[in-house]
1. Would you mind finding the longest exposed-site-free stretch of chain B, with exposed GluC sites (Glu not before Pro) meaning DSSP loop and at most 12 other Cβ atoms within 10 Å?
2. Report ³J(HN,Hα) in whole Hz for each residue of region B:212-228, in order, from the Karplus equation J = 6.51 cos²θ - 1.76 cosθ + 1.60 where θ = phi - 60°; Gly and Pro get x.
3. With both bridge residues required to lie in the protein assembly as shown, what share of the DSSP beta bridges run antiparallel, to the nearest 5%?
4. Summarise the partner chain shielding of A:150-161 as one whole number: the mean count of Cβ atoms from other chains within 10 Å of each residue's Cβ.
5. Per residue of the protein assembly as shown, what 222 nm ellipticity follows from adding -39500 (n - 2.57) for every DSSP H run with n ≥ 4, rounded to the nearest 500?
6. Could you give the angle, 0 to 90 degrees to the nearest 10, between helix B:35-44's Cα long axis and the longest principal axis of the Cα atoms of chain B?
7. Cross-link list B:LYS260/B:LYS378; A:LYS138/A:LYS219; B:LYS63/B:LYS361; B:LYS38/B:LYS211; A:LYS79/A:LYS162: which exceed 24 angstrom alpha carbon to alpha carbon?
8. What number comes out for the charge environment of A:VAL161, summing +1 per Lys or Arg and -1 per Asp or Glu over other residues with Cβ under 13 Å away?
Amino acid sequence: MKGFSDWFIEKKPTIVYVTVGYPSFEESLELSRFLVKNGFAQIIEAGIPFSDPIADGEVIQKSSQVALSNGITLKDVAKFVRMLKDEYSIPIFAMGYYNPILCNIEYNLRLLSESGCEGIIVPDINVEEVRRISRLLKSNDLKIVGFVAPNTPKDRLVKVVKSTDGFIYLVSSYGTTGVRENLDFEMLKNVVSNIKKVKNIPVAIGFGIRNMEVAKRVKEISDGAIIGSAVIKIIEDNPKNYLDKVYDFFMEKF
Amino acid sequence: MKGWFGEFGGKYIPEVLYPVISELEKAYYSIGKSKEFKRELDLLLRSYAGRPTPLYFARNLTKYSGGAKIYLKREDLLHTGAHKINNALGQVLLAKKMGKRRIIAETGAGQHGVATATACALLGMECVVYMGSIDVERQKPNVFRMKLLGAQVVPVSKGSQTLKDAINEAMRDWIENVHTTLYVIGSVVGPHPYPTMVRDFQSVIGKEALKQILEIEGKLPNKVIACVGGGSNAMGIFYPFIEYREVELIGVEGGGKGSKLGEHAATLSFGKIGVLHGAKSYLLYDDNGQVSETHSISAGLDYPGVGPEHSYLKSIGRAKYTFVKDEEALEAVKILSQKEGIIPALESAHAVYQAIKEASKMKKDDIIIVNLSGRGDKDLSIIMENINF
């Protein structure tokens, strides 16, 4: 879509990851509505569960396992996106490992596109593969998100940024997904500026954003903050009243 | 292109792993390919691991099969009882030269874990082995062996609690500890450079076998047969024979109990192209792309993926892949034990069974080489549960 990039850079969105089907399909949908309605999230990442999530820490692994045992498939994720898009106009990206997308790629990308997905976020894809499927992505009007880490070398960073048309997901630190104590803002600021030198593309920082104060600081040096396991952890710790706790989290009550 | 075998292989990994994988790739192509490194590894393989291994003419088995001559490449005679030590010594030595001090590894049956723990003890490295809780339970002697060798064994109680989950957990450890640690993968799987590097370290098997058969018989074998889980022993023996197109290469997968998804581990026979553990290759998964559980009586074959180079050899028709069921492998264990006085590992027994079958249909002066990748001591408790006297 035209103007996505400008909108993103101006809006400085908070991007929230939701595992579709955790704790149940209905509840994950309700959570997303809650996040959007209250203005907590300006972009939703709709998580496709996978049997072997190697880049994820304990919290997201567990949610993925629960979603799988609830029988959630990519089709359900598409349905989730469509239901949300029917009510709200915010951008939604489908996020998940490559195999469940690759296994029937033409059909799956069309399904996601028709549901109103803005693009896909795939942590274990690579530049060559993105090139291989780029025509399919284009014809389905789906954007691809590129990953950059603090240790990504310059030449590689250039390749990743050039092959990305959605936004750059800047991984804040080493390790799997999960809440971390400290982020190195100075270093991250440098990486953001290296990315921007290649192309004026939105950069959002994710991994280890433990509260809204960190999110605010992250937005000072980039275009957006991605909150993943923090919200999932709240659900896990407060199965009965997690919506209240999620509200408190975004209202900076902890 | 480097790291791709046709459309298979590549690096399908989280971004944080790229730099460390590149570091390993560079180290492998500089240090690992240097004369000095090769000399040092060769010395370890000879003086410590017990190379070269014999190529043994199995006269009684040949007579029993009633056809082609069957030769056994005796990797079962190596230190720690299987071909896994070839690769473990290579990778741990490389890690040491790279200045790493901590080694992580995954293991299913425990053979790669034991081999890695052994190499770490020898070369003075810290060693952590990830192993599915179910495997920890069914391979107790190997767990104790690893501990005795000074390794820390971490049981993984996630997912199916077997090899694939041990790999997931080892990768997560690596993502967290990229600076100090090298992940020593036990098969020709994972992102580039692993499939190539592990194949190179294991190809000593095929190089020896090629030289030996020419010395003994003065001609090439008609067939080379090996079992395939991830596929390291098979790639190791196949590789030097690939250029001799008249030599038929046959990989034997774990046929388990049946042909339904979940009942076997025959990835190349029943799988589809997919991505797992950093590479594109054949893979067993359901209609939704979720990786399937597998079954094989042999823990070493009980894996839903397979090395990308095997997928490539299959796609170009250079190697053919088939499967042998649990009960047939058990039968081969009994036959080889009683005809030759050799108790094979359950993995290797799959190849032995296929060899007997093939030999019976061939001429008397035809030749088959079987890679006897490991010995059966580790499997005694499983064999005892299944064979009665």
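1. So the longest stretch without any such site is B:1-242.
2. So the J values, rounded to whole Hz, are 5, 5, 5, 5, 6, 9, x, 8, 6, x, 7, 9, 10, 10, 8, 7, 10.
3. For the protein assembly as shown, the DSSP antiparallel bridge percentage is about 20.
4. Mean partner shielding for this stretch: 2.
5. -13500 deg cm²/dmol
6. 60 degrees
7. The answer is B:LYS260/B:LYS378; A:LYS138/A:LYS219; A:LYS79/A:LYS162.
8. Summing Lys and Arg as +1 and Asp and Glu as -1 gives +4.
Taken together, the values in this text are just the output of simple stated rules run on the coordinates, not laboratory data. Predicted model, so just to flag it, every value in this text is computed and none were measured. So basically every Cβ, Gly included, is an ideal-geometry build from the backbone, and we count neighbours across all protein chains shown.
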